[in-house]
């Protein structure tokens, strides 16, 4: 039963797969039947020019119909392909939008958990600077800590506000990583 269904489906798809071939077969079958009829008519009576015209008058219209059918099927195929591409691009866009919104939600949660310790670090740095006499070496380390904590804050802010992001390979052990559209600008400032 399944084989019969597959055979019927294959036969049904033939005109859409090979429209020019099917059109050619139809035209040649018509031409063959008209020629046989012409020979039958010629055997029983004399054939006049009008009889030949009358017998073959549908042939140009059949050819025109076949050409139109082939063109319509080609246009239909192109329309189907363009619609398929549009749907794929739309799905890709929806996927990217979902990825961005998911990334923003993750970053907001990360911000919530990271900003509290960063605020404590920043406040502690200010207290240490005001309360203790610092050496040059210690000031450099405190400035480095402050600079890196600001860099973390800015990176989290950039990721939460981004609308587009790129993916780049960091190295072999880490692999691929999402990069905000502003990340490269701020990395250059903090270096």
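Per-structure values
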{"item": "Among (1) touching a helix residue (DSSP H, G or I) at 6+ places or on another chain (Cβ under 8 Å); (2) touching a residue at least 12 places away in the same chain (Cβ under 8 Å), the one test that residue 14 misses", "result": "(2)"}
{"item": "Only listed residue being under 30 Å from residue 160 (Cβ atoms) and out of contact with any strand residue (DSSP E or B) (no Cβ under 8 Å at 6 or more places or on another chain), chosen from 93, 73, 79, 49", "result": "93"}
{"item": "Residue under evaluation residue 62, criteria (1) in a helix (DSSP H, G or I); (2) surrounded by 10 or more Cβ atoms within 10 Å (Cβ to Cβ); (3) without any contact (Cβ under 8 Å) to a residue 24 or more places away in the chain, criterion not met", "result": "(3)"}
{"item": "Unique residue being in a helix (DSSP H, G or I) and within 30 Å of residue 15 (Cβ to Cβ) when the list is 153, 68", "result": "68"}
{"item": "Matching residues, the range 126-146, being more than 50 Å from the chain's Cα centre (by Cα) and surrounded by 13 or more Cβ atoms within 10 Å (Cβ to Cβ)", "result": "128, 129, 134, 138"}
{"item": "Residue that is surrounded by 13 or more Cβ atoms within 10 Å (Cβ to Cβ), assigned by TED's automatic domain parsing to the domain that holds residue 16 and touching a residue at least 40 places away in the same chain (Cβ under 8 Å), where the choices are 107, 114, 70", "result": "70"}
{"item": "Enumeration of residues in the range 6-47 that are under 46 Å from the mean Cα position of the chain (by Cα) and not in a helix (DSSP H, G or I)", "result": "18"}
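The values are calculated or read from the model by the stated rules, or taken from the named source; none is laboratory data. Just so we're clear, the structure is a prediction, and the values are computed from it rather than from any experiment. No Cβ is skipped: glycine too gets one built from the backbone with ideal geometry, and neighbour counts run over all protein chains shown.
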